[in-house]
Every structure is written in C-alpha cells, then in structure tokens.
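Here's the structure we're looking at; comments come further down.
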Amino acid sequence: MRAQIQKLSKRNSTKYERRFMEILKRMRIPFKTKVEICGHEVDFLVGKTIIEIDGHTQNADKNKKVLEAGYDILHIRNEEVNDSDIILCLLKLQT
C-alpha cells in the first residue's frame, strides 16, 4: 500500500484525491491508485470498481471503454468526498 500512497503526492494529485485515499486507508479498504485501464488513467481501483474523484468534465470515451471491459465506475464530485453517503457506498463495496 505504501507504493499506492506515494503515487498521490501533492504534485500529481488533488487534495480531494488525497482526502479520499485517507478515507480508504481509515476504512482499511484495499485500493490501487493512478492505474492505467484500457489506455486511460483512473484515480482509484477498488476490486472491479473504478472510482473517479471529479472536478472536471467526464470523458465519455473512457467511461465506455472501461464499462465494456467489465469494470463499474463510481464518479464522486470533489465536494462529496467527505459526504457520509460516500462512506456508506464504500462499505457496500467491501461486501
């Protein structure tokens, strides 16, 4: 996990991605970050679920490719990172 944490340094991640990583760590949810899937970098990978922390417009081509490859996508807006509903969603991913 240390290698995953190092990928999220201040210069190659947003503060919201770093906050989200802290939530995953606190909940002991195994994850990978900054993984390339179908030729596109994704913010987080938890099992077969891609989690994108979004402060930008969605890439429809990227979404289509990863869905066709069998992944689920969860888009979380920056302001939702500390939302308790997101925490509940993550708990459901664990089961």
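A few notes on this one:
- In segment 23-95, trypsin sites (Lys or Arg not before Pro) in a DSSP loop with at most 12 other beta-carbon atoms within 10 Å: R28, K48
- Cβ-based exposure ranking for S13, S84, in which fewest neighbours within 10 Å come first: S84, S13
- Going by neighbour counts of Cβ atoms within 10 Å, the residues M27, M21 line up, fewest first, as M27, M21.
- If you plug the beta carbon distance of E68 and K32 into 1/(1 + (r/R0)^6) with R0 = 25 Å, you get a FRET efficiency near 0.80.
- The alpha-carbon of K65 sits under 16 angstrom from the alpha-carbons of these aspartates and glutamates, leaving out residues fewer than 8 places away in its chain: E36, E41, D43, E52.
- Scalar couplings 3J(HN,Hα) for segment 26-36, obtained by applying the Karplus form with A = 6.51, B = -1.76, C = 1.60 to θ = phi - 60°, are 4, 8, 6, 9, x, 8, 10, 10, 6, 9, 8 Hz; x denotes Gly and Pro.
- Global geometry of segment 2-90, whether rounded, prolate or oblate, following the gyration tensor of its Cα atoms and the 1.5 cut on a/c: rounded
- Given K25/K64; K15/K48; K25/K48; K34/K64; K62/K92, the pairs whose alpha carbons are separated by over 21 Å: K25/K64; K15/K48; K62/K92
- Annotation: the residues T57, T14, sorted from fewest to most other C-beta atoms within 10 Å of their own C-beta, follow the order T57, T14.
Rule-based calculations on the coordinates, nothing more; no lab input. Note that the structure is a prediction, hence the values are computed from the model and not measured. Because the Cβ atoms are built from the backbone with ideal geometry, glycine has one as well, and the counts that use them run over all protein chains shown.
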